[in-house]
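A quick write-up on the structure given underneath.
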Amino acid sequence: MTLETSRFESPTDVEGAVALLAAEGGAKVLSGGTDLLVQMRLGAGAPQVFVDVKRIPRLMAVRLGSEGLTIGASVPAAEIFENESIRSLWPGVAEATDLIGSTQVQGRATWSGNLCNASPAADSVPALMACGAVAVIAGPSGERRVSVDAFIKGPGKTVLRRGELVVEFEIPAPPPRSADAYLRLIPRTEMDIAVVGAGVQVELDDGGAIASARVVLGAVAPTALFVEAAASALIGSRLEDAALDAAAAASRAAATPIDDRRGTIAYRKKIAGVLTTRAAKIAFERAQAR
Amino acid sequence: MSADTNEGQERKFKRIGTRPIRHDGLDKVTGRARFGADYALPGMLHGVMVRSPYAHARILSIDISQAEKVPGVRAVVTRDDFPDVPIGWIPAGSTGVDLGANARTVMAREKVLFHGHAFAAVAATTELAAREAGKLIKVEWEVLTPVLSLEQALAKDAPILHEGQETKGDHPTPEGDSNIANQVCFEGGDIAAGFEEADVIVEGHFETPMVHQGYIEPHACLANVREDGTCEVWCPTQGAFGVKGEVASIAGIEPSLVKVTPTEIGGGFGGKIPVYIEPVAVVLSRKAARPVKITMSREEVFRGSGPTSGSRMWARIGAKSDGTFVAVETKFDFEAGAFRGSPVGAACMTVFSPYNCENFRIFGRDIVLNKPRVAAYRAPGAPIGAFAAESLIDELAMKLDRNPIDLRIQNAVAEGDRAKYGPRFGTIGFKEVLEATRSHPHYKAELGPNQGRGVAAGFWFNAGMQSSATVSVNDDGSAVVRTGNPDIGGSRASMALMCAEELGVDVARVRPLVGDTDSVGYCDPTGGSRVTYATGMAVIEATRQVVDHLRARAATIWDIELDAVEWQDGNAVAINGSAEKGSMSLEDIARKMRLTGGPIVSSASVNPPAAGPGFGVHVCDLEVDPETGVSKVIRYTVVQDAGKAIHPTYVEGQYQGGAAQGIGWALNEEYLWDAEGKVENAGFLDYRIPVASDLPMIDTVIVEVANPLHPYGVRGVGETPIVPPLGAVANAMRHATGIRFHRLPMSPPRVLDALDSDGASS
């Protein structure tokens, strides 16, 4: 299939998008296009139908309430990062979003694209997982909700079935005295893909110790990875050295990276530990300040 | 022009040294400037290169019959459509050319010699049809074992890339066919006695990877061969006359039939001196009888165009305990890629030439292997050699507990000292540059934790070569200056400034043009840091002739002797007893041109055999994250002798650009290869040149030690700035981490590995 023979559709409601995606196996969702168009240039070929979903109001809406955030799947990264409420409630998610590509890329790139591309190195995914985000999926048989951590099945593979698309994300309101943080390592300062990413969310008890924690690593396994052992090491602590060392060791142990042009196995494992402790410290300080 | 016309030291300039807005600036910032890929003609076909899936294979046969049947395909070409230009090295300029190798680089003949080597091309009504057809070309390959490292190339039973290639060079060379294409050696004094005499010796093995220039504009060209056999080519190139010659010899056309128009050019750094697609577009156009455009993708640029050499080096320095160098020695092995021609010679010539040392042996080998054929890259070879030399000098300074700048000043060459490759230096500014660095606030600034400061020096010969310029006066007194050198670094503004200075008019009244090969006198390429120097010389000379015409016209109007007319800042002024005539402006004279003898146009050509070398010293502050190995350049200063800065903004731009490229080379850039010799990172995502946010604002200091060979004192400035950074960054890394890195790039995984193993793996 080539660009010359592709069709371009811009449905204005979710039903229209679902109908197009269900009818044609070769249809693909075009949101920001920052992966789809690049993959085409790299020889993947053009889809039979581009289904541009940015004209669907629900996919571009941002609703923030006491329950948390409901945000359209095609809201661009720049708009998310520039939203001061989102930035103050989920600073880790915001900083992960701000790390995607460059300023120009962020004008187009979306969370749904980052999620559906299903790269192990996606920046927003570990941060969204750390905050318990859920993807709302619409399809021919209605809507279903899948937590972000269960969405990706492997590199390039998701739970989406024919005719389905992500329409919204929901992030529950952060508990009081909780906060998140996301860090990634790249050799450059921007325009790069994570060698390792780490998202951490912690919630403090009344005494200031960590009551609950989530630690998520990116780019060190086929999918972003919850590291339960690292979270357990943090719980009950005030980030004393022993707790941090144990969390780092747990992350190093949990990481099963590959050797590739972006990093070696040994390097990625070490960095998984370093970023775990650094992100935990930032999340902890943020939670203390709340 | 002779040295007695030199005014660089004394002359008070009115316009030289100012910073006017460049004449091409508006078009460039508004996107209107037309680069290679912006050109099109009615009826144009799209050409694509078909590239080798093997790094080393013999072509037994090629069948294009299926490809020709694809709808829309108008021409398919292979080696059979090109003349068989014999392989052979012809001395030319300071190095030489091998037209047969050039032809085989463009279109494989007997063998493909690297993954991505073009062996066919297709022109069709759409790019897609051309690509589809390319896939249908059937080749019978005899796949050969690829030679992918210097070790493999030098092994006793190594596969030989070029049967019949014997090692050239005047030193003991291996017998029979060899992958060592050439050996160079510069010797002086008594090397054994020198090291015997030394109180301290530092030595090391160093490695650098193959790196690409990373120009922002991929190669593109449009060619049109017409019914009468004449041929026009539009392309971004550093030298249109060079393209004309290469197209003629590779495509097999009379040079007189070829006209080349240089488009705007988005960077070259040496990589747009050779041709890759132009002769192919011409041959496709000839076969299809239609215009043909070929545009390379970024991936093709990485696979199919010329980077600079990877290297393996050994070097040592012997010094007295007072710091005096008494012996220096090197053995350099450079990757040439598919054909001979690595810059190992220039690396050997430059490596220790900034320092006096009587006893030396500088040895280097040019080695072919199955990687892309290297092309020039900004001061070719010099940064690689300087990485070894400047790292060792830093080690020596530490061993002797000496300030590294003082140690360099102690050994620095000055006027009259002999370079290792023979000639004596003329007026140079190395000591002035070192002293300016030592007194710069950056060099005295405090450093924080995990930070280190590195200093390194370097030099480049700079080139003279052939240039032509034509200056014409319009009837409103404005002027046009036309040269044949594509403007790659702000040279239009510099040419206009020099013309304006001589005429005595505002630079906005001078329009600089870059001509095609039919409209200007011959110009060697924009390269060798030669344009402001040599082409500038032609501009000054042509403008001075114009001024003589203007004086003569005034003398005619006043009816006085020519000697009684002086040119003063845009006006003819009567002197010598005719002072009562007063003065006459350029505008007045121009308005009367038709009555006093007609249009005023002058041309000048130059061929200066030498240029003034440029010396630079860089200071780099680096901060290293000890837990991740990630380093960041936090402050960087370039100090360099420009002789005379014509347009200081563009001089500073050259200083900053060279430093930026060198920092990328030092920290992150490298080709990654798979086991079959395919480049794994053929794109800017994983071939990491620095992005703007990776670098601090690079500070610059322009030192001006006038070059007596140029009427204003100009030295070339384009290449020297990339010579010191590899050493400067490595030395900063040494002082930040305590580890001496001998291998580039110093990427985060390598740095962390070295930190975690106490430097054992560096």
For segment A:1-174: relative contact order, % (alpha-carbon pairs under 8 angstrom, 6 or more apart) = 24
Using a 1.4 angstrom probe on heavy atoms only, work out the carbon and sulfur share of the accessible area of chain B in %.
-> 50
Average Cα contact separation per residue, chain B, under 8 Å, 6 or more apart, as relative contact order % = 16
Give me the lysines in straight-line cross-link reach of B:K320: C-alpha distance below 17 Å, same-chain residues under 8 apart excluded.
-> B:K399
Going through segment A:152-244, which chymotrypsin sites (Phe, Trp or Tyr not before Pro) have at most 13 other Cβ atoms within 10 Å and a DSSP loop state?
-> none
Contact-by-burial set, segment A:156-196, min loss 40 Å², accessible area of protein heavy atoms with 1.4 Å probe, reference chain alone, gives A:P187, A:R188, A:T189
Label-point separation in nm, B:K138 to B:E163, each point 7 Å along Cα→Cβ = 2.5
Using a 1.4 Å probe on heavy atoms of the protein chains only, the accessible area for A:M191 in Å², nearest 10, reads 80
Each label sits 7 Å from Cα toward the beta-carbon; between B:T649 and B:E196 the label points are separated, in nm, by 6.0
What length, rounded to one decimal in nm, is gained on full extension from B:D756 through to B:S583, with 0.36 nm per residue of separation minus their alpha-carbon distance?
-> 54.5 nm
Can you spot the aspartates and glutamates whose alpha carbon is less than 20 Å from B:K581's alpha carbon? Ignore those fewer than 8 places along the same chain.
-> B:D548, B:D559, B:E561, B:D563, B:E566, B:D569
Among the lysines, which fall within straight-line cross-link reach of B:K28, defined as a Cα-Cα distance under 21 Å, with same-chain neighbours fewer than 8 residues apart omitted?
-> B:K272
With all protein chains present, how much of the accessible area of segment A:178-288 (probe radius 1.4 Å) comes from carbon and sulfur, to the nearest whole percent?
-> 53
Calculated [θ] (222 nm, deg cm²/dmol) that DSSP helices of n ≥ 4 give over the protein assembly as shown, each run adding -39,500 (n - 2.57) = -8000 deg cm²/dmol
Quick one: work out the % antiparallel among DSSP beta bridges in chain B, nearest 5.
-> 75
Sort by residue number and report every cysteine in chain B with no other cysteine beta carbon within a distance under 4.7 Å.
-> B:C185, B:C231, B:C348, B:C357, B:C499, B:C523, B:C620
Too-long pairs where the Cα-Cα distance tops 24 Å, listed order kept, from B:K14/B:K644; A:K28/A:K153; B:K12/B:K444; B:K135/B:K287; B:K168/B:K331 = B:K12/B:K444
Measuring from centroid to centroid over Cα atoms, what is the spacing of segment B:430-506 and segment B:293-364 in Å?
-> 25
How high is the relative contact order of chain A, in percent, counting Cα pairs under 8 Å that sit 6 or more residues apart?
-> 16
Once the Cβ-Cβ distance between A:A23 and A:V62 is put in as r, and R0 is 45 Å, what FRET efficiency do you end up with, to the nearest 0.05?
-> 0.90
In segment B:68-138, which GluC sites (Glu not before Pro) fall in coil by DSSP and have 15 or fewer other Cβ atoms within 10 Å?
-> B:E110
Pick from A:G132, A:G208, A:G72: which is most flexible by mean-square fluctuation in a GNM of chain A where alpha carbon atoms under 10 Å apart are linked?
-> A:G208
Which net charge results for the neighbourhood of B:T261, defined as the other residues with beta-carbon distances under 14 angstrom from its beta-carbon, given Lys and Arg at +1 and Asp and Glu at -1?
-> -2
For B:R51, the net charge from surrounding residues (Cβ-Cβ under 12 Å; K, R +1; D, E -1) works out to +2
Largest-first principal axis extents of the Cα set of segment A:1-174 (Å) | 46, 34, 29
In what sequence, highest mean first, do B:568-581, B:382-395 appear when ranked by Cβ atoms within 10 angstrom?
-> B:382-395, B:568-581
Mind checking the full-extension length gain between A:V146 and A:A229? Use 0.36 nm per residue of separation minus the Cα-Cα distance, one decimal, nm.
-> 27.5 nm
Provide a list, ordered by number, of residues in segment B:619-666 showing at least 50 Å² less accessible area with every protein chain present than when their chain is taken on its own, using a 1.4 Å probe.
-> B:E627, B:T628
For the protein assembly as shown, what is the accessible area per residue in Å² when the probe is 1.4 Å?
-> 37
Segment B:661-762: GluC sites (Glu not before Pro) in DSSP coil with no more than 15 other Cβ atoms inside 10 Å | B:E676, B:E680
Nearest 5 is fine: what % of DSSP beta bridges in the protein assembly as shown come out antiparallel, could you say?
-> 80
For A:Q288 and A:K157, extending 7 Å from Cα along the Cα-Cβ vector and measuring point to point gives, in nm, a value of 4.4
Mind checking the full-extension length gain between B:D674 and B:D625? Use 0.36 nm per residue of separation minus the Cα-Cα distance, one decimal, nm.
-> 14.7 nm
Residues of B:687-694, mean number of Cβ from any other protein chain within 10 Å of their own Cβ, rounded to a whole number?
-> 4
For the pair A and B, total buried accessible area rounded to nearest 100 Å², probe 1.4 Å | 1900
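The values are calculated or read from the model by the stated rules, or taken from the named source; none is laboratory data. These figures come from a predicted structure and were not determined experimentally. Ideal geometry is used to build each Cβ from the backbone, glycine not excepted, and the neighbour counts take in all protein chains shown. When the accessible area is computed, the model is the full protein with side chains, heavy atoms only, and any ligands, DNA or RNA have been set aside. Shrake-Rupley method; radii C 1.70, N 1.55, O 1.52, S 1.80 Å.
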